[in-house]
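Remarks on the structure that follows.
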């Protein structure tokens, strides 16, 4: 059985095991050791479980100023990051599924500027991002690695969620009208 679940600090052992298998240098980095703290800062992480084992993961971070993590709700940009898929489970659509859940979550929260980054040599990730309506908007050197910066560009989905979010606020106003003092 395959399922997508939210990951929490209690899932760090499984997350470390996956990242060690996919990208050992990342798992040993100082940035990775700070991951438990990321959960408390409002950064959301999802995983795909296949037969009881974590086989893919991806996070949704929030930023006010590019590169500076902020606590919710002081954000303007959502970033899809830390996407890892176990080599034995690639080609099954897990990366795309994690892109979808993170984009929908950001749009649902009213964040319409969504970025993702990937190394220039990661062809599978680049293709998935392009299929999911992300456009390459920049190339930067990040941690000594040439990295593409992508921005979500589906005007249809962005506008759809703007309407949904306005309607949701309208419905909540109606639902709670007259319940104050």
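Taken over segment 118-134, residues that are in a strand (DSSP E or B) and either modelled with pLDDT of 90 or more or crowded, with 19+ Cβ neighbours inside 10 Å (or both) amount to 2. Taking first residues from segment 67-94 that are on the phi < 0 side of the Ramachandran plot and buried (at least 17 other Cβ atoms within 10 Å of the Cβ) and partners that are assigned to a strand (DSSP E or B) and modelled with pLDDT under 60, the Cβ contacts under 6 Å between residues at least 6 apart in sequence or on separate chains come to 75/64. For segment 24-66, taking the residues that are at pLDDT 75 or above and closer than 15 Å to residue 114 by Cα, the one that is surrounded by the most Cβ atoms within 10 Å (Cβ to Cβ) is identified as 58.
The values are calculated or read from the model by the stated rules, or taken from the named source; none is laboratory data. Nothing here was measured: the structure is a model prediction, and the numbers come from that model. A quick note on method: Cβ atoms are made from the backbone with ideal geometry, for glycine too, and the neighbour counts reach across all protein chains shown.
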